[in-house]
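The values are calculated or read from the model by the stated rules, or taken from the named source; none is laboratory data. Computed from a predicted structure; not experimentally measured. Here the Cβ positions follow ideal geometry from the backbone for every residue, glycine too, while neighbour counts run over all protein chains shown. Calculation scope for accessible area: heavy atoms of the full protein, side chains included, ligands and nucleic acids excluded. Shrake-Rupley method; radii C 1.70, N 1.55, O 1.52, S 1.80 Å.
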Amino acid sequence: MLLFSLHSLMRLDILAWMICLPLIVLAVVMLWIQHRQHRQLASDLEQLSKLRSHSVEYDLVMQAMRLAVWRMDVPSRTMEIEIDYRDHSNSISIPPGTKTTDVVAQILPEYQETVKKGLEDLLTGRVEVFHLQCQVRVPHSEDTYWTEGYATVDKRDLQGTPLSVVGTLMRIDQQKGIEQALMDAVYHAEESDRLKTAFLQNISHEIRTPLNAIVGFSEVLTMVEEQEERTNLIKLIKQNNTHLLRLFDDIVSMSKLEARGGGVLEMSTFELKEVLQALLAKYKPRAIDMGLSIEIEGVDSLPVLTTDRDRLREILNQYLNNAMKFTKEGQVTMGCTEHDGKWRIWVKDTGKGIPEDKCNERLFERFVKVDEFTPGVGLGLSICHTLAMSLDGDVGVESTLGKGSVFWVELQK
C-alpha cells in the first residue's frame, strides 16, 4: 500500500513537471522576446535621435552651400527638385512630374549632348558619379547663368537596374566670374610682358640711331675745316638731338599714362585760340628753319572748350611734331570745325601722305610705322589715342598719298 502511494506521488510529480516545464520555457521565451523588443525600441529611438540630428546638419550644409537637390524617376524619366536653397529667384525650377527632356532643353545647346551622355553612362554603370558645369537659360528670359551639378544612382531593383537618380545643383556665376578674371589677368600679364619686350627692342634700336649720328658727326666735326661742311654737320647733330629728346619725351609721357591708369582729369574752360597760338609760337622757328609755313585757320572763329587743357595740348603737340617730320615743303595748318555735333580739332600738312590701306585704327597702336626708313619709335599716335579716350573723345586720320594728311581729335561740345 505504501509502495503504491509512493509510486502515485512520483507519477503526480512527473506530471506536474511535464505541465510546468513548457510554461517555464514559454515564460523564458516571452522574457527574452520582451528584452529583445526593449533593446530594439531603444536602438530605434537612438537611431531616430541620430536621424533628427543628421537632418539638421544636412539642412545646414544645404543652406550653407546654397544647393538644390533633385531626383529622377528612371522608369518614367521624370524629375523634380525636392529641396532648393538657391538664393536666386531666376534659377531653373523643376516641379514634380517634369520630363527629363524638358529639363535638358533649358540647357544651352552646346552642353545638351554632354548631359545626355553623362546620364546614360550613369544609368548603364559606366560611371558612379556624373559631374558637369554648364550654362542654363533663365526662365522667361534671354539671359543665362552657370550651374554645377552632381548625380549618382540612388535606388536599384533586385537585378541592379537603376530605379532613381539623385543629384545636386548649385549656381556658380561668381566662381566663373573669378575664373574669367584670372584668365584675363594672365592674358594681360602675358600681353604686357610681350609689349615690354617689344618696347625695349624698339627703344634700344631707336636710341642707338640718333646717338650714333651725334657721336659720329661730333668726331668728324673736329676734323672738318670747311665752314659749309661744318654747318651741315652741326645741323645734322641738332636734328638728331631733337629726335632723341622727342623720343625721351614720348617715353616719359607713355610711362606717366600707364602709371596713372588715365589719371584724374583737370577740367577747365578756355579758348582754343590760346592753345593753338602757343603751339604756333613753339613750332614756328622750327618751321622757318625747314622752309615751311605754319598757320592757324579761322583763328577768330575758334570755339571755347571745356576739357583738360594739358591733355588736348599734348595731342596737338604730337600731331604737329609728326606733321613737321613728314613735310619737306609746303605748310602745316591747325584749325577746328564742327562735325556731327562735336568739335573736331585738326592738324593738316602737305607732306608725303599715308597709303590708304594704313589709314585705320591700327595706325594709332604702339610701334606702328608707316615708313620704316623714317626714325620714330611709334609711340606718339598711341599717346594721342590714349589721351583722347580719357577725354571721352576720338582720334582719326584722313590722308592722300603724295598730297598730305589731316590728323584730328574729336571732343564733346
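A few comments on the model shown:
- Proximity of backbone amide H atoms, modeled 1.01 Å from N, is registered between LEU132 and GLY149 at under 5 Å, excluding neighbours fewer than 5 places apart on the same chain.
- Per-residue 3J(HN,Hα) values for the range 71-83, derived from phi via the Karplus relation 6.51 cos²θ - 1.76 cosθ + 1.60 with θ = phi - 60°, read 9, 10, 8, 5, x, 8, 6, 10, 9, 7, 9, 8, 9 Hz in sequence order (x marks Gly and Pro).
- Under the Debye formula (equal points on every Cα, no solvent term), log10 I(q)/I(0) of the range 273-372 at q = 0.14, 0.20, 0.22, 0.25 Å⁻¹: -0.59, -1.15, -1.29, -1.43
- The lysines within cross-link reach of LYS196, meaning a Cα-to-Cα straight distance under 17 Å and a gap of 8 or more places when in the same chain, are LYS256.
- Site pair VAL129 and ARG77 shows an inter-label distance of 2.8 nm when each label is modelled 7 Å from Cα along Cα→Cβ.
- Per-residue Karplus couplings for the range 307-315, computed as 6.51 cos²θ - 1.76 cosθ + 1.60 with θ equal to phi - 60°, are listed in order as 6, 8, 4, 5, 5, 5, 4, 5, 4 Hz, Gly and Pro entered as x.
- Derived scalar couplings ³J(HN,Hα) [the range 222-238; Karplus, 6.51 cos²θ - 1.76 cosθ + 1.60; whole Hz; x for Gly, Pro]: 5, 9, 9, 9, 5, 5, 5, 5, 5, 4, 5, 5, 5, 5, 5, 5, 4
- When GLU82, GLU225, GLU191 are compared by accessible area of protein heavy atoms, the largest-first order is GLU225, GLU82, GLU191, using a 1.4 Å probe.
- Built amide H within the under 5 Å cut-off of THR307, gap 5+: SER268, PHE270
- Remark on ARG156: its backbone amide H falls under 5 Å from those of LEU163, a criterion applied only to residues 5 or more positions apart or on other chains, H modelled at 1.01 Å from N.
- To the nearest 10, the accessible area of ASP157 is 50 Å² with a 1.4 Å probe.
- Model label points for LYS328 and MET290, set 7 angstrom from Cα along the Cα-to-Cβ axis, are 1.3 nm apart.
- With the simple model of a label 7 Å out from the Cα in the direction of the Cβ, VAL304 to GLN106 spans 6.1 nm.
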